[in-house]
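Below is one structure; the comments refer to it alone.
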Amino acid sequence: SPSTSRQQNHPPGHYGLTSPISLAPPNGKDHIHTQKLIEAMKPFGVFEDQEELYHRTTVLGKLNNLVKEWISELAESKNLPPSITEHVGGKIFTFGSYRLGVHTKGSSDIDALCVAPSHVERSDFFQSFFEKLKNQEEVKNLRAIEDAYVPVIKFEFDGIEIDLVFAKLSLPTVSDDLDLRDDSCLKSLDIRCIRSLNGSRVTDEILRLVPNLENFRLTLRAVKLWAKRRGVYSNIMGFLGGVSWAMLVARICQLYPNALASTLVNKFFLIFSKWDWPKPVLLKRLEESFLNLPVWDPRVNPSDRYHVMPIITPAYPQQNSTYNVSVSTRAVMVEEFQRGLEVTDEILKGKSDWSKLFEPLNFFQKYKHYIVLTASAFTEEHHLNWIGLVESKIRVLVGNLERNEFITIAHVQPQSFPGNEDLYKQSGYVSMWFLGLVFKKAESAVKTNVDLTHGIQSFTDTVYRQASALNILKEGMKIEATYVKRKQLHYFLPAETLQKRKKQRVSDINQNNSGLQCKRSSLGESCLDGSKATDSRTPSNSSSLNKISKLDISTAETERLILISWPNSKSQVSPTEMEATVALRTSGPPIGCTIPGYNTVCQLRTCFVQGQHKLSGTLITDPKSASPKQHYSPASKVSRLPTSAECPQKAIDGEKARKGGARPRRRLSSKELPDSSSPVPTNSIRIIKRSIKLTLNG
């Protein structure tokens, strides 16, 4: 077999930078545990059947023909000699999970590389080829991300998701037998083409550096499934992508060359839970080349010294595949490594089974504090472009937040969720991301002021400026960041998403981590829609986002949010008289980025409580900024709370019945807070400022 011959050609001691930790062969128990691991993974659809494999092969063949046709047409349009036009060629290479042989059943995408001859420019790829794809009936959800570290066109081709990158070679033609492993193919190329080529070159090199392909692939399948289930699989969000997980697994295979998958998975968690980061993970020694291209080397490159979890690609020019990882995301992953070690130790001792390893992370119960980030656009095409850009920059928000001296962890959930019906009605297409926050505990009884304004505003400004520079900023494209507590998440997500559950459908884990999108017209059970009429926790007539401003007056909370004095306000209210949940809204582009219809600025929406936690019935409004009644959505340009007249009558009647009639309002205990069936407090005030400050009690 290929794996056997590979072992014969490369003695085990020659894999990696060090000699193996163990050469012990597998025993009977190892075979049993490995078989149980395979059985535990089957329900999750990680093994693709032959029919799906054939479909992927067919799609790639069609795409390859499309590329050749486009390159030939482009040669004719540029008046190249017929002798060249007839043989210009062009070729599609695959890399990533498909090339590694670990692609999953159902929704696993294909990473592909379009290699073109010298007459094809990158602008041609993102313009004329993009238009050619757009005209194909089989192509859906087409969008281009030109400013990415590796520029890419994303689309679905006959149901198969494809991420297509581009590289042109310094050759007049590209033949079908082109071999990219030769370093000479990198000669005279720009850095973006080199990065694109490296995807294929790195994948092939990983396969060459592991002692046993079968054991490597099965272990990698298990690790990738675990990473997706535990919410740590996403390069773009600051965790690890497929190639990084593959290199970590390959390193374990080098250290235990004769071990089966069950042992390798356990050793994976053992080694990397104790790894001395930022010590780099290397599959082989760094190489030099006559091309003199920049490689990862913190001794020479100051920027490389700031990488917190370096995993270095084995193909020249060697690069760090984890440049997006932040202090927060590394901390989350190390915590998961430690849990994985504990679980697999129990499994190998016979005290547990493999299903426990793949239990999903209960992200929405893990933290007390969250930021809800929404991106909305009026049309599906605009929305796809918009969320691609927003998603690629969320790690900037994570970095901004974790640099706040009072924030310990800023943990983003990689999966996006569709907005509920209230959001869809006002904003067209909406996607939401959630970030969990951990604040440092205040020392003794001293109150600590925390300002999140700059970090969030800097992030939204970055996105808008980038969109403006790329000329994709359209009317209706908006970003909003809202702070909520855990108990308020049910206004955004359905109960089944928030509930702690150990089992999950295969279709749930096969959702695209780069964003689950549901059209307004097709919202159904498969979409995470929290505004169904059958859900008694979700209001039917007023926007759920209004409800997040309901006061949390729990005296048991150790961390309370207190509204600090607002600059230039006509009236100053003492922090002892007002406690609020504050939502920071960034509803429009910053100065310098203008599009038709945008006159909005950052808005803060607050709900006040006067005096000794009493809910006053007086409506506070600013006559100068009064506006007609309307339901709030993230797309609205004026943010306010609804009046009592706007509250659902059914909810009001239910509240009266629950309290035994229209009695005077009383102070609520921490266990008797208003729930989603309570009317929204009628106190409201609108403040349009660029400031948000939190106070953490000691």
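The values are calculated or read from the model by the stated rules, or taken from the named source; none is laboratory data. Source: prediction; values computed, not measured. Every residue, glycine as well, gets a Cβ built from its backbone with ideal geometry; the counts of neighbours run over all protein chains shown. These area figures cover heavy atoms from the full protein model, side chains too; ligands, DNA and RNA do not enter into them. Shrake-Rupley method; radii C 1.70, N 1.55, O 1.52, S 1.80 Å.
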Antiparallel DSSP beta bridges within the range 47-204, as percent of all bridges there, nearest 5: 65 percent
Rounded Å value of the spacing that divides the Cα centres of the range 280-346 and the range 448-498: 29 Å
GluC sites (Glu not before Pro) within the range 384-416: DSSP coil, no more than 10 neighbouring Cβ in 10 Å: 405
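Determine, from the Cβ-Cβ distance of residue 356 and residue 487 and an R0 of 25 Å, the FRET efficiency 1/(1 + (r/R0)^6), rounded to the nearest 0.05. Working shown, then result.
Values: r = 28 Å, r/R0 = 1.13.
Computed FRET efficiency for residue 356 and residue 487: 0.30.
Relative to the present Cα-Cα distance, how much length would full extension add between residue 334 and residue 297 at 0.36 nm per residue of separation? Show your work: numbers first, answer last.
Working: separation 37, 0.36 × 37 = 13.32 nm, distance 2.39 nm.
Between residue 334 and residue 297, full extension yields an extra 10.9 nm.
Ignoring ligands, DNA and RNA, please state the percent of accessible area on the range 223-351 from carbon and sulfur, probe 1.4 Å. Please list the in-between numbers first.
Working: 2440 of 4760 Å².
Within the range 223-351, the accessible surface is 51 percent carbon and sulfur.
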Overall Cα dimensions of the range 207-275, principal axis frame, Å, largest first: 34, 24, 19
The range 47-204 - percent of accessible surface contributed by carbon and sulfur, probe 1.4 Å: 47 percent
Mean Cβ count within 10 Å, highest first, over the residues of peptides 263-269, 431-437, 455-461, 119-125: 263-269, 431-437, 455-461, 119-125
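Which of the peptides 39-52, 163-176 is most tightly packed, and how do the rest follow, going by the mean number of other Cβ atoms within 10 Å of each residue? Could the numbers behind the result be given before it?
On the way: 39-52: 15.4, 163-176: 19.1.
Going from most to least packed, we get 163-176, 39-52.
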Fully extended contour minus Cα-Cα distance, from residue 378 to residue 440, at 0.36 nm per residue: 18.4 nm
Shape category assigned to the range 222-368 from the gyration tensor of Cα positions, a/c cut at 1.5: oblate
Other-chain or far-sequence residues with amide H under 5 Å of residue 116's (modelled H): 167, 168, 169
Prolate/oblate/rounded label for the range 55-205 (Cα gyration tensor, a/c 1.5): oblate
For residue 180, net neighbour charge (Lys/Arg +1, Asp/Glu -1) across residues whose Cβ lies under 9 Å away: -1
Stretchable slack from residue 345 to residue 50, in nm (0.36 nm times residue separation minus alpha-carbon distance): 102.8 nm
For residue 407, distant residues with modelled amide H under 5 Å away: 440
Karplus 3J(HN,Hα) series, Hz, for the range 386-396 with 6.51 cos²θ - 1.76 cosθ + 1.60 (x for Gly, Pro): 5, 5, x, 6, 4, 4, 5, 10, 4, 4, 5
Whole-number accessible area per residue in Å² for the range 47-204, which is evaluated in the context of all protein chains at 1.4 Å: 44 Å²
